[in-house]
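So the structure is just underneath, and the comments pick up after that.
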Amino acid sequence: MNIGFIGLGIMGRPMAKNLLKAGYALTVYDKFAAMDDLVALGAKAATSNKEVAAHSEVIITMLPNSPQVREAVLGADGVLDGARSGTILVDMSSIAPAAAQEICAAVKAKGVVMIDAPVSGGEPKAIEGTLAIMVGGDVKAFASVKPILEKLGSSAVHVGEIGAGNVTKLANQIIVALNIAAVSEAFVLATKAGVNPEAVFNAIKGGLAGSTVMNAKIPMILDGNFKPGFRIELHIKDLQNALDTAHALNVPVPLTANIMETLQALKCDEMGANDHSAIVRYYERCFRTPTFTWSRSPMVARERSRR
Ligand code: NAD
């Protein structure tokens with residue numbers, strides 16, 4: 001089977017490599033990134049998204065967000081220009097559920113079936129081929145691409161109609177962001193109280209507070225290593241999609257709004273390209289400078305002038 005792979009970033013590149021290792025014929029394209037290493041492994045490099053589609057029965061996209069998927073699929077020289085009726089489009093990017101539904105409806109007119117299949121697990125699991133994949137859309141299309149997805153992940157679970165994959169991913173992203181924040185808050189407190197954070201980790205990781213997030217992020221935090229991984233700016237994108245989706249459904253998400261502002265503060269501090277484990281830096285700063293920040297706030301100045 002000929003597979004097309006579009007978007008060769010932190011996630012897409014190792015995923016494409018796993019498909020080559022599994023013996024699939026692969027045509028690849030990225031608008032900005034080099035493709036030489038994949039060509040060296042046997043992939044054919046295309047010069048446009050349209051050319052990928054012309055060579056492929058199944059096309060996988062792994063792009064940053066809804067606008068990029070819209071452009072790659074529906075834009076000039078896009079997937080839809082090159083795809084034939086019966087092609088299956090598997091969008092594995094994390095995008096807004098409403099955008100997935102809209103793009104699915106647009107490609108349907110040409111006989112292309114789209115499913116949304118975002119992933120969790122980050123770069124290490126993309127390299128290992130052990131991602132958790134959450135799938136929304138046509139059940140028959142899912143069944144026919146499941147053997148491919150199984151080369152990329154250790155699980156591929158159908159969760160509902162088109163867009164349901166991305167709804168599930170939003171839930172995942174809320175939980176991950178809040179989990180990192182909780183771990184950061186607790187470990188900065190323990191450190192400030194004079195307890196060795198490594199000892200805290202060893203003492204609690206096997207108990208109820210232990211988590212996959214803690215196991216993955218505490219070693220990075222203790223090393224001061226914030227190389228992405230998953231960039232803060234991508235997490236902001238996911239939480240914006242979560243806030244938009246929740247508000248459209250009239251669902252309040254106060255914890256999501258709160259952690260969103262923490263991430264925004266880090267982005268303002270030029271940390272947007274860091275791994276999301278750098279959420280800990282927000283807490284480290286708060287602990288160092290609360291009096292300084294408070295005494296200079298305009299509200300305090302107004303209060304003082306009234307006295
Ligand atoms: P990335 O920015 O590293 O890669 C995206 C790639 O898409 C880039 O190489 C870019 O050049 C390419 N691209 C952008 N627009 C394009 C277009 N119109 N046509 C062709 N190529 C285009 O991002 P990533 O970290 O690989 O993440 C990809 C998706 O996976 C995102 O939706 C992200 O939220 C999700 N995700 C990432 C992680 C992670 O840990 N990095 C984990 C789970 C899910």
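Between 181, 132, which is within 16 Å of the ligand (Cβ to nearest atom) and surrounded by 15 or more Cβ atoms within 10 Å (Cβ to Cβ)?
132
For region 113-125, what are the residues that are more than 7 Å from the ligand (Cβ to nearest atom) and either surrounded by 23 or more Cβ atoms within 10 Å (Cβ to Cβ) or at positive phi (or both)?
114, 115, 116, 117
Looking at region 231-264, which of its residues are within 13 Å of residue 277 (Cα to Cα) and open to solvent by 50 Å² or more (accessible area, probe 1.4 Å)?
Selection gives 231, 233.
For residue 256, only one of the following conditions fails: (1) assigned to a helix (DSSP H, G or I); (2) within 12 Å of the ligand (Cβ to nearest atom). What is its number?
Failed condition: (2).
Among the numbered conditions (1) surrounded by 15 or more Cβ atoms within 10 Å (Cβ to Cβ); (2) farther than 22 Å from residue 274 by Cα, tell me where residue 193 comes up short.
(1)
Condition check: surrounded by fewer than 19 Cβ atoms within 10 Å (Cβ to Cβ), within 15 Å of the ligand (Cβ to nearest atom), of a type outside the set (Ser, Thr, Tyr) and at pLDDT 95 or above. Does residue 36 satisfy that?
yes
In region 232-245, which residues are more than 7 Å from the ligand (Cβ to nearest atom) and in contact (Cβ under 8 Å) with a residue 60 or more places away in the chain?
Of everything in region 232-245, those that are more than 7 Å from the ligand (Cβ to nearest atom) and in contact (Cβ under 8 Å) with a residue 60 or more places away in the chain turn out to be 235, 239, 241, 242, 244, 245.
Within region 232-247, is there a residue that is outside any helix (DSSP H, G or I) and at pLDDT 95 or above?
Checking region 232-247: not a single residue is outside any helix (DSSP H, G or I) and at pLDDT 95 or above.
Within region 65-72, does at least one residue satisfy the condition of being in the same structural domain as residue 122 (by TED's automatic domain parsing), within 8 Å of the ligand (Cβ to nearest atom), in contact with a helix residue (DSSP H, G or I) (Cβ under 9 Å, 6 or more places away or on another chain) and free of Cβ contacts under 8 Å to residues at least 12 places away in the same chain?
Yes, that holds for at least one residue.
Would you point out which residue out of 86, 137, 153, 165 is over 26 Å from residue 33 (Cβ atoms) and open to solvent by less than 40 Å² (accessible area, probe 1.4 Å)?
Step by step, each of 86, 137, 153, 165 is checked, and only 137 is over 26 Å from residue 33 (Cβ atoms) and open to solvent by less than 40 Å² (accessible area, probe 1.4 Å).
Looking at (1) within 16 Å of the ligand (Cβ to nearest atom); (2) more than 18 Å from residue 16 (Cβ to Cβ); (3) outside any loop (DSSP other than H, G, I, E, B), can you tell me which one residue 95 breaks?
(3)
Quick check on residue 267: is it in contact with an Asp or Glu (Cβ under 7 Å, 6 or more places away or on another chain) and within 23 Å of residue 94 (Cβ to Cβ)?
So residue 267 passes the test.
For region 18-33, enumerate the residues that are within 16 Å of the ligand (Cβ to nearest atom) and either touching an Asp or Glu at 6+ places or on another chain (Cβ under 6 Å) or touching a residue at least 60 places away in the same chain (Cβ under 8 Å) (or both).
If the condition is that a residue be within 16 Å of the ligand (Cβ to nearest atom) and either touching an Asp or Glu at 6+ places or on another chain (Cβ under 6 Å) or touching a residue at least 60 places away in the same chain (Cβ under 8 Å) (or both), then 18, 19 are the ones that fit.
Answer yes or no: is there a residue in region 199-217 that is closer than 21 Å to residue 174 by Cα, among the aliphatic types (A, V, I, L, M), open to solvent by 70 Å² or more (accessible area, probe 1.4 Å) and more than 13 Å from the ligand (Cβ to nearest atom).
There is at least one residue in region 199-217 that is closer than 21 Å to residue 174 by Cα, among the aliphatic types (A, V, I, L, M), open to solvent by 70 Å² or more (accessible area, probe 1.4 Å) and more than 13 Å from the ligand (Cβ to nearest atom).
The values are calculated or read from the model by the stated rules, or taken from the named source; none is laboratory data. Just so it is clear, the structure is predicted and the values come from calculations on it, not from any experiment. FYI the Cβ positions are ideal-geometry reconstructions off the backbone, even for glycines, and counts take in every protein chain you see. For accessibility, only protein heavy atoms count, side chains too; no ligands or nucleic acids. Shrake-Rupley method; radii C 1.70, N 1.55, O 1.52, S 1.80 Å.
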